[in-house]
Structure formats: C-alpha cells, structure tokens
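Enquirer: Structure below; questions to follow.
No value in this document is a laboratory result; all are computed from the given coordinates. Just so you know, these numbers come straight off a predicted model, no measurement behind them. Note that each Cβ is placed from the backbone with ideal geometry, even for glycine, and that neighbours are counted across all protein chains shown.
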Amino acid sequence: MREIKFRAWDKIRGCIVNSEAIDSLTVYGVNEKLGIDFEIEHDLPSGNYHEDISRNPDQCILMQYTGLKDTKGKEIYEGDIGKIYKRPNGQIRWASGGWFLDWGDRGEYVHHDDLAKSFNFKIIGNIYENAELLRTEI
C-alpha cells in the first residue's frame with residue numbers, strides 16, 4: 001500500500017507547497033469546499049516563524065504522490081515532468097487506474113510499473129513552474 005500525501009500549487013503565491021506543509025485532515029474537506037490549510041515555515045535572519053494560510057480549493061491545485069521515486073530518490077507527484085533517457089519529456093498523469101508518463105500528442109505513454117523499473121527516469125520539473133519543459137528536449 002502506498003503512502004497517501006499531497007503537495008499543492010498555490011495560485012495566489014505562485015509556488016509549490018510541499019506535502020509536509022499541508023494539513024492532511026483539511027485535504028479531505030476539498031470535496032465539500034471547506035478549504036486547504038497550509039503551515040509554511042520561513043527561515044529568516046531573525047529566526048523561524050510559521051505562517052498559517054487557508055485557501056479556497058479553487059485557489060490551489062492538489063497533486064497526489066504516486067508512491068514512486070525517480071532514479072535519484074525524488075518523490076514523483078502528479079503534474080511532474082519527467083525524462084527517460086533519449087525520449088521526449090512527459091507529464092505524470094493518472095488514467096485507467098494507474099500513473100503514467102504521458103507524451104501527449106504523440107499518443108505514447110509509460111505505465112507506472114515500467115517507470116518503477118526504469119533506471120533512467122528522472123523528474124526535471126513540474127507543469128506549473130516549468131511548463132516550457134514539455135515543449136523542449138533536454
């Protein structure tokens with residue numbers, strides 16, 4: 001059984017909020033439009049402080065953890081952009097009961113079982129911060 005966790009794209013701040021900052025209890029309220037609460041820790045010269053942020057679900061896009069890691073041990077989330085050696089960049093998506101690396105208009109994809117076995121798969125960005133990576137070769 002895989003670990004259930006999320007990260008989010010905060011549309012207001014324009015940044016990814018890591019899974020450790022999301023209160024998992026409030027994520028389940030998304031369907032009822034209760035909101036998503038974040039606790040963000042800031043490191044400042046004067047010390048650390050926590051900022052509590054609450055967002056309407058329309059102001060955030062949740063991305064679920066796939067339960068997989070790339071070749072460097074980085075956790076793979078929905079919306080990540082990945083690369084397999086000598087192949088175009090693709091986006092991680094959920095479809096037909098599984099996670100896929102989707103090459104979009106090429107009509108090709110790699111199922112998560114094959115991603116987990118690939119020794120060449122690495123995450124290079126995500127669709128919110130690095131959308132241009134889907135249009136370029138690296």
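Enquirer: How do TRP9, TRP94 line up, fewest other C-beta atoms within 10 Å first?
Expert: Working: TRP9 19, TRP94 13.
By the 10 Å Cβ count, ascending, the order reads TRP94, TRP9.
Enquirer: Listing THR71, THR66 from the residue with the fewest other Cβ atoms within 10 Å to the one with the most, what is the order?
Expert: Values: THR71 13, THR66 20.
With the fewest neighbours first, THR71, THR66 line up as THR71, THR66.
Enquirer: Report ³J(HN,Hα) in whole Hz for each residue of the stretch 78-90, in order, from the Karplus equation J = 6.51 cos²θ - 1.76 cosθ + 1.60 where θ = phi - 60°; Gly and Pro get x.
Expert: 3, x, 6, 10, x, 9, 10, 2, 6, 10, x, 5, x
Enquirer: Tell me, SER54, SER96 in order of fewest to most beta-carbon neighbours within 10 Å? Intermediate values should be presented prior to the final figure.
Expert: Details: SER54 12, SER96 7.
Fewest-to-most ranking of SER54, SER96: SER96, SER54.
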